[in-house]
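Every number in this text was worked out from the coordinates using simple rules, so none of it is lab data. Please read all numbers here as calculations on a predicted model, not as lab measurements. Positions of Cβ are backbone-derived with ideal geometry, glycine not excepted, and every protein chain shown enters the neighbour counts.
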Amino acid sequence: MSTDFDLIIVGGGLAGGSLALALQDTPLRIAVIESMDEALRQASPAGERALALAWGTAQLLDQLGVWRDALPNAAPIRTIHVSARGHFGKVRMSAERERVPALGYVATARVLEDAIVKALANASVTVLQPATVAALHGGNDHVGITVRQGDQTRTLTSRLVVAADGGNSTVRRLLDIGQTERDYGQTAIVTEVASELPNRDTAYERFTESGPLALLPLGKRRSSVVWTLSHDDARATLTLPDEEFRDRLQAAFGQWLGRLELASTRQGFPLKLIRAQRMIDRRIALVGNAMHQLHPVAGQGFNLGLRDVAVLAERIEARIQFGEDIGASEFLESYARIRRDDLDRVIGFTDTMVRLFSNNRWPLTQARNFGMTVLNNLPPIKRRLVRYAMGLGERLPRFR
């Protein structure tokens, strides 16, 4: 059957836009369906969230041609400092020791979105925006997708549909794909601070009695805060006057950066581990947040999602070279099988971190702090952890 497109990507954000850019030079006829117009995207508070980008992720973005536009507004992470409040255990990782310019970077979602939107404007890709998906119609050799754009509704056909439409994925809902959820009973408080002392491109992960606290560099004396608390503590903390909130944050973090001052408003986000019960359907694949959402403790969410995209793009390109159907069931099953190992590993690591550092029982606190001290003094094991943090724990897929 002749179709309108070979590939329709639902969602033109970080994951969907990256996939479109990765495949723009192939013979595929590609369409991107994005629900938000540019004015709404620019006004969305979600664009202000800071993303931790592993070194491997920066390399993938460079292959897409968007990193050169994002880099001037991305802060390098040259040191990672892990500690536990009130205990002696510490782990330090450095880019200098690994002989790389940075272990990773921190950038807001909007910085990356702007770079992707700019690149898409010059790509041979059809963008329908703002447009929403109203229905899906399966077929043996195609997918029909009903799209609503303004007052008009039409049905497009494609050999493959990729759902990259975020945690509240419309495609996943229309397919009735369930989710496995684990509620951590925690809320992440997100804000920014200005510090008395320069952060020296250091990312701090501080484990406190109330929960993990991360400060990620955004500039010389500016850092993004991700503070994980129980739901009750977070509700009470969010309602504190600014000065009381600052004092409590300072007490939890310590004096590593001198006096801290609030530099933005506070927002709270309930934390859950969410994973789609299946990654594929007939001629449909899920990527990024449409497939998984992680606790921020290890900063792996966006990095994992971009690897979904890179693996899928890499395999689609190979499929094209052999003239094979990019929506065939055996192809999608192989994609799901390959991604499952990476997802299991990252989700398992993140979940273990949450459980290990959210438990304040005395024997466990002593064991983990002793473990951090030992780890900091065992170079081979520490190097493996550093490479994992850099997104180099396995073969890095390539876009080109």
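Report, to two decimal places, the Cα Rg of the stretch 265-347 normalised by 2.2 N^0.38 Å (N = number of residues). The partial results should precede the final answer.
Values: Rg = 14.6 Å, N = 83, 2.2 N^0.38 = 11.8 Å.
For the stretch 265-347, the normalised Cα radius of gyration is 1.24.
Hydrodynamic estimate: the Kirkwood radius of the chain over Cα pairs, inserted into Stokes-Einstein at 25 °C and 0.890 mPa s, corresponds to D of 111 µm²/s.
Both radii come from the Cα set of the stretch 74-161: Rg as radius of gyration, Rh as Kirkwood radius; their ratio Rg/Rh reads 1.28.
The long axis of helix 301-321 is offset from the longest Cα principal axis of the chain by roughly 30 degrees.
Quotient of the Cα radius of gyration of the stretch 190-250 and 2.2 N^0.38 Å, N being its number of residues: 1.13. Comparing A336, A251, A164 in a Gaussian network model of the chain (Cα springs below 10 Å), the most mobile by mean-square fluctuation is A251. Binning the alpha carbon pair distances of the stretch 172-211 at 5 angstrom intervals from zero yields the distribution 5, 11, 14, 17, 13, 11, 9, 9, 7, 3, 1, expressed in whole percent. Between K118 and K220, full extension at 0.36 nm per residue minus the direct alpha carbon distance yields a gain of 34.0 nm. Once the Cα atoms are used to define both axes, helix 362-376 deviates from the longest principal axis of the chain by about 80 degrees. Listed peptides 131-144, 35-48 appear in the order 131-144, 35-48 once ranked by packing, highest mean of other Cβ atoms within 10 Å at the front.
Using just its DSSP H runs of length 4 or more, each adding -39500 (n - 2.57), the chain gives a mean residue ellipticity at 222 nm of -11000 deg cm²/dmol after division by all residues. Length available on full extension from R345 to I320: 0.36 nm per residue minus the Cα-Cα distance, which gives 6.0 nm.
Measuring r between the beta carbons of E209 and S329 and using R0 = 41 Å, the FRET efficiency lands at 0.20.
When restricted to Cα atoms, the stretch 151-236 yields an Rg and a Dmax of 20.2, 57 Å, respectively. Computed from backbone phi with θ = phi - 60° and the Karplus coefficients 6.51, -1.76 and 1.60, the 3J(HN,Hα) list for the stretch 245-256 is 4, 4, 5, 5, 5, 4, 5, 6, 7, x, 9, 4 Hz; x is used for glycine and proline.
Take 172-179, 313-320 and order them by the average number of nearby Cβ atoms within 10 Å per residue, most first; the result is 313-320, 172-179.
Here the extension length gained between T155 and S2 equals 53.7 nm, from 0.36 nm per residue of separation less the Cα-Cα distance. Against the longest alpha carbon principal axis of the chain, how many degrees, from 0 to 90 and to the nearest 10, is the axis of helix 55-64 turned? On a 0 to 90 degree scale, this one is about 30.
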